[in-house]
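Notes follow once the structure below has been shown.
The values are calculated or read from the model by the stated rules, or taken from the named source; none is laboratory data. All figures in this text were calculated on a predicted structure; none of them were measured in a lab. A quick note on method: Cβ atoms are made from the backbone with ideal geometry, for glycine too, and the neighbour counts reach across all protein chains shown. Heavy atoms of the whole protein, side chains included, go into the accessibility calculation; ligands, DNA and RNA do not. Shrake-Rupley method; radii C 1.70, N 1.55, O 1.52, S 1.80 Å.
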Amino acid sequence: MKSILFVCLGNICRSPLAQGIAEKIINEEGLDIRVDSAGTGNWHIGEAPCEHSIKVAALNSVDISAQRGRQVEAADLEAFDLIIALDQSNYENLKKMGAENLVKLGHFGHFNEDVPDPFFFEGFEGFDKVFSMIESCVTELLKEQK
Ligand code: 4NP
């Protein structure tokens, strides 16, 4: 079974969405892929995803409410076949940790850019854009795994 780890900074806004969207597609299509998510930072270990991510996911029939934040560990870099960074800063931090099978999410799909960090967005605005970017890229990423 192939394994993919999505990594952002806090593991409460973006990478939980990537994990939830991927899990939904994997379930619907019966794919033999395991996914997880983590953050490079340690501020939100054990926390639920941010409320706006839970909301935008729910509006799109994706349930991320049971996920809990965790920090990426060196062992993850060996354990997962593919490490997906949500933005350039995550990518560079993971490279420093020694990640090899590392690709930015924006490499997939048509956005070809970093997924912006929504942590300092004003309220809910912008989360729908973040969702659609992540959804488009994750869809393409999973297509390429077939
Ligand atoms: P995420 O967003 O990386 O998409 O989960 C963030 C969440 C928390 C922080 C930064 C980004 N923070 O600085 O606590």
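Hey, what's region 3-143 come to in accessible area per residue, 1.4 Å probe, Å²? Walk me through the numbers on the way to the answer.
Values: 6680 Å² over 141 residues.
That works out to 47 Å² for each residue.
Please compute the length gained on full extension between SER3 and LYS96, using 0.36 nm multiplied by the number of residues separating them and subtracting their Cα-Cα distance.
Values: separation 93, 0.36 × 93 = 33.48 nm, distance 2.12 nm.
Length gained, SER3 through LYS96: 31.4 nm.
A simple count of charges around GLY123, restricted to other residues whose Cβ falls under 13 Å of its Cβ and scoring Lys, Arg +1 and Asp, Glu -1, yields -3.
On the basis of the beta-carbon distance and an R0 of 25 Å, LEU31 and ASN60 show a calculated FRET efficiency of 0.85. Remark: accessible surface ordering of ARG34, ARG14, ARG70 (largest first) is ARG34, ARG70, ARG14, probe radius 1.4 Å. Based on DSSP H segments of at least four residues, each scored -39500 (n - 2.57), the chain has a per-residue ellipticity at 222 nm of -12500 deg cm²/dmol. The lysines whose alpha-carbon is closer than 23 Å to the alpha-carbon of LYS146, local same-chain residues fewer than 8 away aside, are LYS2, LYS24, LYS104.
Here the Gaussian network model covers the chain, with springs between Cα atoms less than 10 Å apart; of LYS55, LYS24, LYS104, LYS24 fluctuates the most. By accessible area, using a 1.4 Å probe on protein heavy atoms only, region 33-84 has 48% of its surface on carbon and sulfur. A simple spin-label model places pseudo-atoms 7 Å from Cα toward Cβ; at GLU125 and LYS143 they are separated by 3.2 nm.
Were the residues from GLU113 through SER132 laid out at 0.36 nm apart, the gain over their Cα-Cα distance would be 5.5 nm. Here the peptides 2-9, 136-143 are ranked by packing, the mean other Cβ count within 10 Å, and the order with the highest first is 2-9, 136-143. In this simple spin-label approximation, GLN71 and ASN42 carry label points 7 Å from Cα along the Cα→Cβ vector, and these lie 0.3 nm apart. Computed from phi, the 3J(HN,Hα) profile of region 13-20 under the Karplus parametrisation 6.51, -1.76, 1.60 (θ = phi - 60°) reads 10, 8, 5, x, 5, 4, 4, x Hz, with x in place of Gly and Pro.
Each Lys and Arg contributes +1 and each Asp and Glu -1, all at the Cβ; summed about the Cα centre of region 11-146, the dipole is approximately 80 debye. Can you send over the solvent-accessible area of GLU135, 1.4 Å probe, protein chains only, in Å² to the nearest 10? Ignoring ligands and nucleic acids, GLU135 comes out at about 80 Å².
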